[in-house]
Amino acid sequence: METLLHLIFTFCKIAIQASVVATLLLKLVRWYAPRDPAHPLVRASRHGKRFWWASGFLVSLALFGFSLTYWGNHGLGDYARIPLGHGEAMEELNGVQAYFEPLAHLTDNADNPEVLAYQVHDGVLCVALGPDSTFVVYYLASKHHQLFADRAAYAAHARSHHLPRPAEFERFKQHYSRYWNGWRFWLLA
């Protein structure tokens, strides 16, 4: 149900964004019209309503299409997602458990280990896993990882490799808010 409501909200947001862009495009083309009346966009804009509907529809398709891509997918309903780079993403389910799919084979159980906090620095994902406070460094480009048994071992490695200290790690919600708010909230679906 949450997914359906979020999808409906996304469609409404896309419709509003497309309407604004279509209106701005129509105004821009009409402003440009005296300079080059033979331009195809100027000729198309002579029928204002048709031009507005067509451009709004095309913008809607583009926004919806982008929302399905790696960089535009932020999740629906109780599923949230942040792209990290190199095709990898941090994900959260039900607003409580963040996980990183490539780390699933690190534990003996079938579930992904819970990501308590993390930080990304220069293509390196540094993760604090729970509940046993294991730390992992995952190189996004090469898809290799390094496991640390405790906080002290990771802190020593972080100092020598200029990686974020454990105190600099943040929870998923903080990363999600910083990544998807601001200009992405207003300009993307």
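A count restricted to the stretch 137-152 and to residues that are surrounded by 13 or more Cβ atoms within 10 Å (Cβ to Cβ) and either under 13 Å from the mean Cα position of the chain (by Cα) or outside any loop (DSSP other than H, G, I, E, B) (or both) stands at 8. Take the residues in the stretch 64-91 that are hydrophobic (A, V, I, L, M, F, W, C), in contact with a helix residue (DSSP H, G or I) (Cβ under 7 Å, 6 or more places away or on another chain) and open to solvent by less than 30 Å² (accessible area, probe 1.4 Å); name whichever of them is nearest to residue 117 (Cα to Cα). Across the stretch 64-91, the extreme among qualifying residues is 90. In the stretch 100-107, is there at least one residue being assigned by the TED database to the domain that holds residue 164, surrounded by 15 or more Cβ atoms within 10 Å (Cβ to Cβ), of a type in the set (A, V, I, L, M) and part of a strand (DSSP E or B)? No; the residues of the stretch 100-107 include none that is assigned by the TED database to the domain that holds residue 164, surrounded by 15 or more Cβ atoms within 10 Å (Cβ to Cβ), of a type in the set (A, V, I, L, M) and part of a strand (DSSP E or B). For residues in the stretch 153-183 being aromatic (Phe, Trp, Tyr) and within 12 Å of residue 135 (Cα to Cα), which is surrounded by the fewest Cβ atoms within 10 Å (Cβ to Cβ)? Of everything passing the filter in the stretch 153-183, 169 is surrounded by the fewest Cβ atoms within 10 Å (Cβ to Cβ).
Does the stretch 13-20 contain any residue that is open to solvent by 60 Å² or more (accessible area, probe 1.4 Å), under 18 Å from residue 188 (Cβ atoms) and not assigned by the TED database to the domain that holds residue 139? Scanning the stretch 13-20 turns up at least one residue that is open to solvent by 60 Å² or more (accessible area, probe 1.4 Å), under 18 Å from residue 188 (Cβ atoms) and not assigned by the TED database to the domain that holds residue 139.
Determine whether the stretch 67-79 contains at least one residue that is aliphatic (A, V, I, L, M), closer than 27 Å to residue 176 by Cα and either in contact with an Asp or Glu (Cβ under 6 Å, 6 or more places away or on another chain) or in a helix (DSSP H, G or I) (or both).
Among the residues of the stretch 67-79, not one is aliphatic (A, V, I, L, M), closer than 27 Å to residue 176 by Cα and either in contact with an Asp or Glu (Cβ under 6 Å, 6 or more places away or on another chain) or in a helix (DSSP H, G or I) (or both), which makes the answer no.
Pairing each residue of the stretch 5-24 that is more than 20 Å from residue 77 (Cα to Cα) and of a type outside the set (S, T, N, Q) with any residue that is open to solvent by less than 40 Å² (accessible area, probe 1.4 Å) and in a helix (DSSP H, G or I), provided the two are 6+ apart or on different chains, yields C-beta distances under 7 Å for 18/56; 18/59; 18/60; 18/63; 21/59; 22/55; 22/56; 22/59. I'd like to know if the stretch 40-50 contains one or more residues that are at pLDDT below 90, open to solvent by less than 40 Å² (accessible area, probe 1.4 Å), assigned to a helix (DSSP H, G or I) and not aliphatic (A, V, I, L, M). Yes, there is a match, as at least one residue in the stretch 40-50 is at pLDDT below 90, open to solvent by less than 40 Å² (accessible area, probe 1.4 Å), assigned to a helix (DSSP H, G or I) and not aliphatic (A, V, I, L, M).
Yes or no: the stretch 115-133 includes at least one residue that is open to solvent by less than 30 Å² (accessible area, probe 1.4 Å) and in a helix (DSSP H, G or I). No, the conditions are met nowhere in the stretch 115-133.
The values are calculated or read from the model by the stated rules, or taken from the named source; none is laboratory data. Please read all numbers here as calculations on a predicted model, not as lab measurements. So basically every Cβ, Gly included, is an ideal-geometry build from the backbone, and we count neighbours across all protein chains shown. Accessible surface areas use protein heavy atoms only, side chains included; no ligands, DNA or RNA. Shrake-Rupley method; radii C 1.70, N 1.55, O 1.52, S 1.80 Å.
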